[in-house]
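The values are calculated or read from the model by the stated rules, or taken from the named source; none is laboratory data. Every value quoted in this text rests on a predicted model; they were computed, and no experiment measured them. Positions of Cβ are generated from backbone atoms using ideal geometry, with glycine treated the same way; all protein chains shown enter the neighbour counts.
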Amino acid sequence: MSGVSTVIERIAAVVGASGLITDETGMAPYMIDWRKRYCGRPLAVVRPASTREVAQVMKICAETCTAVVPQGGNTGLQGGGITDSSGTQIVLCTARMSRVRAIDPVNNTITVEAGCVLAQVQRAAEGAGRLFPLSLGAEGSATIGGNLSTNAGGTAVLRYGNTRDLALGLEVVLASGEVWEGLRSLRKDNTGYDLKHLFIGAEGTLGIITAAVMKLYPLPAARLAGIAAVNSPADAIRLLEIAQRQSGDSLTGFEMFSDFCLSLVLKHFPGTSAPFRGRHPQYVLIEISDSRSETSGRAAIESVLAEGMEAGVVLDAVVAQSLAQVQTMWALRESITEAQAREGQNLKHDVSVPVSRIAEFIAATDAEVRSAYPEVRMVTFGHLGDGNLHYNIAGPREVPPEVFLREAARLTRVVHDSVARFNGSISAEHGLGQAKREEIRRYKSALELELMRKVKAALDPLGILNPGKVI
């Protein structure tokens, strides 16, 4: 016990009273994940205010072999930021490190600390007349450090890429407490291994990201959106081909959701309106960001939908007439996750397959899932433009959730095996965390897993950084 007390005392001397939480009530928000699936029992929650403090804390933890679980906004979906129940691991929360260090509008970069909330970065960029394009449902609470650690995707990957594609440089505290100062703002730098990519997507298992240089873009002159009704995922893919051919890089978002997804939103969000008088099997949300004018953007999106109708792909369509209507359209799509949660316990699968095979994947996997468990309700939606589906399964209405969830492992295996057959990934944008740590071993080669272990051993030989996650 004295050793534990010494560790806490040493950390307290670094971060001060405002940077340390040890009582259970104060630690409670950091102990459980957003989905309430994982609950840990940390030794303490440490909230450093600077990179120097992070480095000093890590040196103490390395000397005492104390495990550290990095945590940003705690919006992760795979339990990656939650400790185990041993009471020996600390949560290192970066929330107090929330400064925007610099904005360079000429170089189109912004340098931010890891605890900056995504929406804060978006606002800072907009204030400088620039766009930071990463956008996702949790942007009001998710942090840049967490976005980088999970290589978050979001709704604009089709045009701007994942978080990895937006990062130019990083500042990282290693397991030893050493600081790698890699905050470069260069788009060309071929001087050896690009080390930043080791830490992006590593979920805090190789180092703690404390700051980053991120890319900015010119603000678009207009954002235009429309919703198209289609008969099937195959028709949605055909519409995507039309949109890409016509609009090129101005096509920012291309989302698909089923009529059942829409029905959940209408049920659980009273006052929400359906986009059409009638109902259709599938819906596609298209967004175009135009650099010239709103008139130009509206003409572009109307042209895409018109060709879709002429080709027999689009059954009906509506185009937003204002930014408020654009936001209303996105609210339909972004409310699906919360609506599904309100409907009851369900199985979530964040998967990706080649865009060209999405329709085939959905048809084949739906059949296999329903064969394994008849009467399930498929809640399939996602970022069709980049091949990322949220392939979720709700139990039959008459089956209690706790009974349905007994089949979780069996049904997840059906889904993941199907993903593997289609040369896809069982984690498109949410990471592995602790939820998929064991599962990934079925789908990566022995050599790939061994290479990952060697990298982990080289950067974290004591195994103190986020143990039990990823690998």
From the options Pro400, Pro374, residue that is surrounded by fewer than 17 Cβ atoms within 10 Å (Cβ to Cβ), under 30 Å from Asp235 (Cα atoms) and modelled with pLDDT under 95: Pro374
Residue in the stretch 348-362 that is over 24 Å from Ala243 (Cβ atoms), assigned by TED's automatic domain parsing to the domain that holds Arg413 and aliphatic (A, V, I, L, M) present: no
Tell me, which strands (runs of 3 or more DSSP E) wholly within the stretch 189-266 include 3 or more residues that are closer than 28 Å to Gly76 by Cα, in contact with a Gly (Cβ under 8 Å, 6 or more places away or on another chain) and in contact (Cβ under 8 Å) with a residue 24 or more places away in the chain? 208-215, 251-258
Got a number for residues in the stretch 181-216 being under 25 Å from the mean Cα position of the chain (by Cα) and not aliphatic (A, V, I, L, M)? 15
Quick count over the stretch 394-414, residues being free of Cβ contacts under 8 Å to residues at least 40 places away in the same chain and either of a type in the set (D, E, K, R) or closer than 16 Å to Ala341 by Cβ (or both), is 6
Any chance you could count how many residues in the stretch 338-356 are in a helix (DSSP H, G or I), under 18 Å from the mean Cα position of the chain (by Cα) and within 14 Å of Glu255 (Cα to Cα)? 0
Taking the condition at pLDDT 95 or above and part of a strand (DSSP E or B), does Thr380 pass? yes
Of the numbered conditions (1) surrounded by fewer than 22 Cβ atoms within 10 Å (Cβ to Cβ); (2) part of a helix (DSSP H, G or I), Ala102 fails exactly one; give the number of that condition. (2)
Condition check: hydrophobic (A, V, I, L, M, F, W, C) and farther than 30 Å from Leu198 by Cβ. Does Ile393 satisfy that? yes
Within the stretch 403-426, of all residues that are at pLDDT below 95 and not charged (D, E, K, R), the one farthest from Gly161 (Cα to Cα) is Val403
Criterion violated by Glu63 - all others in (1) in contact (Cβ under 8 Å) with a residue 12 or more places away in the chain; (2) out of contact with any Lys or Arg (no Cβ under 7 Å at 6 or more places or on another chain) satisfied: (1)
When you go through Leu405, Leu447, Leu411 one by one, which is the residue that is outside any loop (DSSP other than H, G, I, E, B), loosely packed, with under 11 Cβ neighbours inside 10 Å and aliphatic (A, V, I, L, M)? Leu447
